[in-house]
1. Label the chain by shape, choosing from rounded, prolate and oblate, from the square roots a ≥ b ≥ c of the eigenvalues of the Cα gyration tensor; if a/c is under 1.5 it is rounded, and otherwise prolate applies when a/b is larger than b/c, oblate when it is not.
2. If we count every other residue with Cβ under 10 angstrom of Asp50's Cβ, Lys/Arg +1 and Asp/Glu -1, where does the sum land?
3. Using Cα pairs closer than 8 Å and at least 6 residues apart in sequence, work out the relative contact order for the chain, in percent.
4. Going down the list Lys32/Lys112; Lys65/Lys340; Lys31/Lys168, which pairs span over 32 Å between their C-alpha atoms?
5. Using just the helices of the chain, give the 222 nm mean residue ellipticity in deg cm²/dmol: DSSP H runs with n ≥ 4 each add -39,500 (n - 2.57), and the total is spread over all residues, rounded to 500.
6. Accessible area of Val23, 1.4 Å probe, to the nearest 10 Å²?
7. By a straight-distance test (C-alpha under 26 Å), which lysines pair with Lys79 as possible cross-link partners, with residues fewer than eight away in the same chain excluded?
8. Probe of 1.4 angstrom, ligands and nucleic acids ignored: what's the accessible area per residue over region 1-125, in square angstrom?
Amino acid sequence: MAEFNIALIKGDGIGPEIVNGAVTVLDAVAKKFNHTFSYTDVLMGGCAIDATGVPLPQETIDICKKSDSVLLGAVGGPKWDSQPPANRPEKGLLGIRKALGLYSNLRPSILKPQLKAASPLKDEKLENGLDIMVVRELTGGIYFGKRERAEDGSWASDEERYSVEEVKRIGKIAFETAMLRNKKLVSVDKANVLESSRLWRKTITEMSAEYPEVTLTYMYVDNAAMQLAINPAQFDVIVTSNIFGDILSDLSSAIAGSIGMLPSASLGASKCGMYEPIHGSAPDIAGMDIANPIATIVSAAMMLEMSFGLIEEAKAINAAVDKVLDMDYRTTDIMSDGMKKVGCKEMAQLIADNI
């Protein structure tokens, strides 16, 4: 029997619904495998602004640091668009990553055979399947760089800045991830234009000597986006900067059929990570019980494996998801002819029942 403390950041929009769905599945895992998962709800994002005036209260940081891991729903929405830039819900997300030292984001993009028809790509583009891991640097680059704005609003700037150490630590994760997969790594940058990208490429190149089994290649980010659209099967592991990773991981998820299916893990030097679906808060469908909880549920599976070392339990969740899809149950976003439509809550319960 194992005991784990999990901080729950349910957030905004559909966040509470999908996190509740993941908790339903985690409780089923706890019962079957004789574990104890204790949950603590904390505020971040728009709901935190409403309650405390800030997107990331210190209490949330303190509780997350004391927890074994964090499960996040989603934050943000047009309700808080009038907030000043320094107090937007998204600032809470950037802040918690920094506070927990979560410098790497792993986003798998896997096209399940049951959902092949949901991909926008033609069948011949997917004949070799789709299984891509995007390793995104998470606490550096332009999102955390120096910001300036003219008082009269006539210009603004954001600094893209990376140190060798920042590139090395994300490069290490990327190379080690590639070693566990097909030993192919593509480093994506814009080294033909950006000085920061030239530093990135030089550092990754030097690191490659430590991983002679890994085949390292390079792509400019514009070409990488095109290649993901026309030949995604060529990719195994992609490593890239914060802003490029943000864009490319969303593109790779769209190729896989629905952003409602794909998880992510944000990790640092410790085993405590933050796990979340890659999609947003979708406030337009909040409270309607039509959101897809699967991305959050499989994010919880990643948490069990990567932070808690519960490999069989993680496999049980993924197997339950596959079984429910094989039974032709679908939420609205992945619905097709002949399938059985279910809501967010029912989908979560079906997966829990099949653990």
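1. rounded
2. 0
3. Relative contact order here is 23 percent.
4. Numbers: Lys32/Lys112 26 Å; Lys65/Lys340 41 Å; Lys31/Lys168 41 Å.
With Cα atoms farther than 32 Å apart: Lys65/Lys340; Lys31/Lys168.
5. -12500 deg cm²/dmol
6. That residue has around 20 Å² of solvent-accessible surface.
7. Lys10, Lys91, Lys98, Lys345
8. Details: 5540 Å² over 125 residues.
Ligands and nucleic acids excluded, the figure is 44 Å² per residue.
The values are calculated or read from the model by the stated rules, or taken from the named source; none is laboratory data. Note that the structure is a prediction, hence the values are computed from the model and not measured. A quick note on method: Cβ atoms are made from the backbone with ideal geometry, for glycine too, and the neighbour counts reach across all protein chains shown. With ligands, DNA and RNA removed, areas are computed over all heavy atoms of the protein, side chains included. Shrake-Rupley method; radii C 1.70, N 1.55, O 1.52, S 1.80 Å.
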